[in-house]
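*Asks:* I have a structure here, written as structure tokens, and I will follow up with some questions on it.
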Amino acid sequence: MPGAKYARKWLWRWRSNPLRRHDDIVESWIVLAVWAVFAVGGAVAGLVTAHAADEVFAQQRAERQSVRAVLLNDVPRATPAIGTTTDRRTAAVRWTTSAGSTRTGRTLVDTGLKAGSEVTVWQDGHGRLTSAPPDPTEAAIESGFLGATAVAALGGLVFGGGAIARHLLDRRRIDEWGREWALVGPHWGHKTS
């Protein structure tokens, strides 16, 4: 049973052993606490972050509305540049808000359009131009990514803190060994000098 042998080897700090030091017990509790905080805290942080992001995206979809706008200037076709993936430019547009007032502003539109062309723009609840809200699929992907990022950030903090605590324990053990060697070392035979 190689699994039992591995578990016994891994849990050696928990077993009674004459060579086990107090620092070994402290280290085992630190390792257990780090993994417990990561497992529980990571799950909670990831779910809370993903849920909060999903709510923000849903709110954006609810409050933003598309309106028809008129392009005020020609938008010449852009020459393809290295590294660009979109064929859109910022241009001036005029639109009528839901309250009936006429406004002008700048937003991204497709290139190659002439002045007077109708384009679809997005406005927020106050009638200001804004970007299009993410569709539910994009929102779900981004929420999942943000949740995973929260888990990774928490993991970095927790494992970093655990590594620092274990490093301090190692330094303490090395200092203890040095003090014990200073007491025992001179009794181990004659000196060559």
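*Asks:* When the range 97-131 is examined, which residues are found to be open to solvent by less than 40 Å² (accessible area, probe 1.4 Å), within 13 Å of Arg64 (Cα to Cα), in contact (Cβ under 8 Å) with a residue 40 or more places away in the chain and not charged (D, E, K, R)?
*Replies:* Val121, Gln123, Thr130
*Asks:* Shifting gears a bit: Can Phe159 be described as out of contact with any Ser or Thr (no Cβ under 6 Å at 6 or more places or on another chain), under 30 Å from Ile30 (Cα atoms), open to solvent by 60 Å² or more (accessible area, probe 1.4 Å) and without any contact (Cβ under 8 Å) to a residue 12 or more places away in the chain? Explain how you work it out, then say what you get.
*Replies:* Values: out of contact with any Ser or Thr (no Cβ under 6 Å at 6 or more places or on another chain): yes; under 30 Å from Ile30 (Cα atoms): yes; open to solvent by 60 Å² or more (accessible area, probe 1.4 Å): yes; without any contact (Cβ under 8 Å) to a residue 12 or more places away in the chain: no.
For Phe159, the condition - out of contact with any Ser or Thr (no Cβ under 6 Å at 6 or more places or on another chain), under 30 Å from Ile30 (Cα atoms), open to solvent by 60 Å² or more (accessible area, probe 1.4 Å) and without any contact (Cβ under 8 Å) to a residue 12 or more places away in the chain - is not met.
*Asks:* Another question, if that's okay. Can you tell me how many residues in the range 165-178 are open to solvent by 80 Å² or more (accessible area, probe 1.4 Å) and either modelled with pLDDT under 90 or in contact with a Cys (Cβ under 9 Å, 6 or more places away or on another chain) (or both)? Before you say what the answer is, go through the steps one by one.
*Replies:* Keep residues of the range 165-178 that are open to solvent by 80 Å² or more (accessible area, probe 1.4 Å), which gives 166-168, 171-172, 174-175, 177.
Right, trim to either modelled with pLDDT under 90 or in contact with a Cys (Cβ under 9 Å, 6 or more places away or on another chain) (or both) and you get 177.
Result for the range 165-178: 1.
*Asks:* Same structure again: Taking the conditions exactly as written (modelled with pLDDT under 85, in a strand (DSSP E or B) and open to solvent by 90 Å² or more (accessible area, probe 1.4 Å)), does Arg77 satisfy them or not? Don't jump to the end; show me each part of the working.
*Replies:* Numbers: modelled with pLDDT under 85: yes; in a strand (DSSP E or B): no; open to solvent by 90 Å² or more (accessible area, probe 1.4 Å): yes.
When the stated conditions are applied, Arg77 does not pass them.
*Asks:* Sort through Thr137, Thr130 and tell me the only one that's within 30 Å of His51 (Cα to Cα), touching a strand residue (DSSP E or B) at 6+ places or on another chain (Cβ under 8 Å) and not charged (D, E, K, R).
*Replies:* Numbers: Thr137 fails: touching a strand residue (DSSP E or B) at 6+ places or on another chain (Cβ under 8 Å).
Criteria check complete, one pass: Thr130.
*Asks:* Can you pull out the residues in the range 51-63 that are buried (at least 18 other Cβ atoms within 10 Å of the Cβ) and either charged (D, E, K, R) or out of contact with any Leu (no Cβ under 6 Å at 6 or more places or on another chain) (or both)? Give the steps one after another, and end with the answer.
*Replies:* Looking only at the range 51-63, we keep the residues that are buried (at least 18 other Cβ atoms within 10 Å of the Cβ), and these are 53-54, 57.
Of everything in the range 51-63, those that are buried (at least 18 other Cβ atoms within 10 Å of the Cβ) and either charged (D, E, K, R) or out of contact with any Leu (no Cβ under 6 Å at 6 or more places or on another chain) (or both) turn out to be Asp54, Phe57.
The values are calculated or read from the model by the stated rules, or taken from the named source; none is laboratory data. Just so we're clear, the structure is a prediction, and the values are computed from it rather than from any experiment. Methodologically, a virtual Cβ is constructed for each residue, glycine included, from the backbone with ideal geometry; neighbour enumeration extends over all protein chains shown. Note: areas computed on protein heavy atoms with side chains; ligands, DNA, RNA excluded. Shrake-Rupley method; radii C 1.70, N 1.55, O 1.52, S 1.80 Å.
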